[in-house]
Each structure stands twice: as structure tokens, then as C-alpha cells.
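Notes for the one structure printed next.
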Amino acid sequence: ASEGNSGNVIRPEDKANFVALLQEFRSQLNTYGASVGRTYDLTAFLPADSAKIDAGISASVFNSLTFATVQGYDFYGPWGPQTNHQSQLRNPANNPAPANQRFSVVDAVNKYLGMGAPANKLVVGVPA
């Protein structure tokens, strides 16, 4: 799993536990839905940071999700050491961020597609 905010407790088993949690939610939603004649969506908001994706997200989460919203904003902000684009579609050639801290919508979506996420389950969150 990924740390998220500094100081959060993370454990090696968190990635697998997230998959198990979603599987259990999906199972219970399906059972309940069948009992009341309805279907229910199960969605998640997922990170755009490649390192956080690697650390905390498995492609198997998409087996349980109706869709996932990929973070398409808050790439940079007052928590960082420099000003940068808050929500960029692509990384510009002159992006001043270190190589491992360059974020974009295209990079995030391609990361999920590359790990096996179905394109029809990816939704990009955009700033309003």
C-alpha cells in the first residue's frame, strides 16, 4: 500500500487486503441486491502517482469495481517545494519536477491500462 499523507501506517499486506475488502463488499452487495431486486455500484477513487499505484493497487481490484475514478487533479500544490500544473493532461517537456514526481492524466491512465485495468472501468476525475 502507499503512505498517502505522511505518517499514515502502512503494511506490506495492505495491497492484498484492499483486494479482499473490495471482493467482500462486492459479494455482500450482490447478495443484498439479489434479495431486494436491485444492483449496486461499487466504485473507488484511485491515485495517479505511479509509485502509489505500484505500492497499493492490484489490477484485480477491477474485478470487484463497477468503475474507478483516477485522480486527475491535485498533482501539485502547496504541499510541494515548487509551483507546477495542478491538473495536466500530459507532462510538458520542461516540467520542473524531479522525474519520479511528474504526474499527468495520460501517464496515470496508461499506467492502469498497462497493468490490465479494463478501459471501460476507468473514469478520470477533473477539477471543477
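About the Cα centre, and with charges only on the beta carbon of Lys, Arg (+1) and Asp, Glu (-1), how big is the dipole of the chain? Nearest 20 debye, please. Around 220 debye, computed over the chain.
With a Förster radius of 35 Å applied to the C-beta separation of Ala99 and Val9, the computed FRET efficiency comes to 0.80. Computed over neighbours whose Cβ is under 15 Å from that of Ala16, the net charge equals -2, Lys and Arg +1, Asp and Glu -1. Entry note, the chain: relative contact order of 25 percent, from Cα contacts under 8 Å with a spacing of 6+ residues.
Grab the other residues whose beta carbon is less than 12 angstrom from that of Ser104, score K and R as +1, D and E as -1, and report the net. Walk me through the numbers on the way to the answer.
Values: positive: Arg90, Arg102, Lys111; negative: Asp49, Asp107.
Around Ser104, the surrounding residues sum to +1.
Look at the dipole of the chain built from charges on Cβ: of Pro47, Ala108, Ala16, the Cα furthest out on the positive end belongs to Ala108.
Stretched out straight at 0.36 nm per residue, the stretch from Ala55 to Ser35 would grow longer than its current Cα-Cα span by 3.5 nm. Computed extension length for Thr43-Asn120: 26.4 nm, one decimal, from 0.36 nm per residue of separation with the Cα-Cα distance subtracted.
Read the figures in this text as sums done on the coordinates, not as results from a lab. What you see is a predicted model, and the numbers here were worked out from it, not measured in a lab. FYI the Cβ positions are ideal-geometry reconstructions off the backbone, even for glycines, and counts take in every protein chain you see.
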